[in-house]
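Structure, as structure tokens:
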Amino acid sequence: MARTTRPDAPAPAPRAPSPHRGQPVAWVNAHGGGGASTLARVLGGADLRLRWPEPARGEPGGVLLVARTHAGGMRAASQALNALRTGEHPDGVHLIALVLVADAPGRLPRQLGRRVRVLRSAAEVHRVPWVPAWRLGEEVDPLPKEVRALAELTSGTTGRTAGPR
């Protein structure tokens, strides 16, 4: 139902520009605690937590969707990918890649590995390994090779749209 405004009502105030203007990419968590804040701090870009960017406010339209590799995280990633597929996002938003952050050290259980393969059929997927120092808020030098590869992706992504890989 369309909302009507009274003719004598003041016009809505224009929205202020976003503090994330000019950032190269938007990091968006598929669920709470996905890892977007850490990745944005380490690699740069806008940490938008749990919301889609608003390119009309100057936020980057290129999204790196972040989720943990536990069952709930991958379920949330699937739901967010579906929301992107069905257009449930602001105009100008496009997926660069899905970033799966290890939820524990070691290999994934087989059933979660299968889930990663399903997600790879829908989006470009980058895996970030378990980094113990990040739990303590410490920096890592050098970055793990998977994170360095992600850094290369984030530095040249303007306008790039990822597809199945």
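The values are calculated or read from the model by the stated rules, or taken from the named source; none is laboratory data. The model shown is predicted, which means the values in this text are computed figures rather than measured ones. Positions of Cβ are generated from backbone atoms using ideal geometry, with glycine treated the same way; all protein chains shown enter the neighbour counts. Please note that ligands, DNA and RNA were not included when accessible areas were found on the heavy atoms of the full protein model with its side chains. Shrake-Rupley method; radii C 1.70, N 1.55, O 1.52, S 1.80 Å.
Structure above, values below:
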{"read-out": "Residue list for segment 15-53, restricted to those being at pLDDT 95 or above, assigned to a loop (DSSP other than H, G, I, E, B), open to solvent by 20 Å² or more (accessible area, probe 1.4 Å) and of a type outside the set (Lys, Arg)", "value": "Ala30, His31, Gly32, Gly33, Leu50, Trp52"}
{"read-out": "Thr69 being over 13 Å from the mean Cα position of the chain (by Cα), over 21 Å from Gly137 (Cα atoms) and at pLDDT 95 or above", "value": "no"}
{"read-out": "Single residue of segment 56-78 satisfying the filter (without any contact (Cβ under 8 Å) to a residue 40 or more places away in the chain and part of a strand (DSSP E or B)) that is farthest from Gly32 (Cα to Cα)", "value": "Val63"}
